[in-house]
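First comes the structure, then the notes that go with it.
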Amino acid sequence: MKWKVWYGLFYASCVVMASYLVPLWSLVISLGLTYKQYRFMIPEILALFLSYLVTSHFNPLIFTYVMRAFTFINVFLSLSEFLDRVSLVGLVGEKGIPLVITLSYIPLFYQLASDVFFYRRARKLGFSVEKLSRPIVVEMVKIAEDLNKAYEIKLHGKFSRRIDLKPSKYDILPITAGVVTICLSLLIPISLVK
């Protein structure tokens, strides 16, 4: 399931605008679209709960900024997971390569870190930050170089920018999520902080 860049940007802009109206709805919707990275959801919910407890004792208005920050992180995670990189390169051309590589990093890093942890546990090796991070860093540098070469090669030759505005069946989800987020923020203004 990949979203075209237009509809991903529509979703992101709707969620960001809604986060300034009522941050709770944008947080809930953006958290729901990070379901593929479910291991991040539980720590995020715990961090939100803990930050609510801490900020309620000092200054409860700070919690709205915390919800916005988590919303922006969730939007980035969902865009890195679902955005169609080919449509992004087709839209902005050569200038989009760093953005495409950045969006490709999160899913690749997650898979690579899971593999490294799994193989270290399988070999029953102890925990060492240096020994864990070395293969991850080396592989991520290799992947970044390979992605950069691949996208640069794709751009040369008979590359033509195609902007396809017709939504596919997968593009309905970001359109719907964006509209629902704005509507919920305008129609049901729930505030956790007074």
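Before moving on, here are some points about what is shown:
- Complete set of residues in segment 114-168 that are modelled with pLDDT under 75 and hydroxyl-bearing (Ser, Thr, Tyr): Tyr151, Ser160
- Residue in segment 91-100 that is part of a helix (DSSP H, G or I), crowded, with 16+ Cβ neighbours inside 10 Å, modelled with pLDDT under 80 and not aliphatic (A, V, I, L, M) present: yes
- With respect to (1) assigned to a helix (DSSP H, G or I); (2) at pLDDT below 85; (3) more than 24 Å from Lys2 (Cα to Cα), the lone exception for Pro60 is condition (1).
- Exclusive hit being surrounded by fewer than 20 Cβ atoms within 10 Å (Cβ to Cβ), among the hydroxyl-bearing types (Ser, Thr, Tyr) and out of contact with any helix residue (DSSP H, G or I) (no Cβ under 7 Å at 6 or more places or on another chain), set Tyr20, Tyr52: Tyr20
- Any pair with Cβ under 9 angstrom, 6 or more apart, that starts in segment 126-140 at a residue that is among the basic types (Lys, Arg) and surrounded by 12 or more Cβ atoms within 10 Å (Cβ to Cβ) and ends at one that is assigned to a helix (DSSP H, G or I) and modelled with pLDDT of 80 or more: Lys131/Arg120
- When Leu31, Leu61, Leu24, Leu88 are screened for being closer than 20 Å to Ser168 by Cβ, of a type outside the set (Lys, Arg) and out of contact with any Pro (no Cβ under 8 Å at 6 or more places or on another chain), only Leu88 passes.
- Residue tally, condition modelled with pLDDT of 85 or more and either of a type in the set (Ser, Thr, Tyr) or surrounded by 15 or more Cβ atoms within 10 Å (Cβ to Cβ) (or both), over segment 181-194: 4
The values are calculated or read from the model by the stated rules, or taken from the named source; none is laboratory data. Remember, predicted model here, so these are calculated numbers, not experimental data. Note that we place each Cβ from the backbone using ideal geometry, even for glycine, and neighbour counts take in every protein chain shown.
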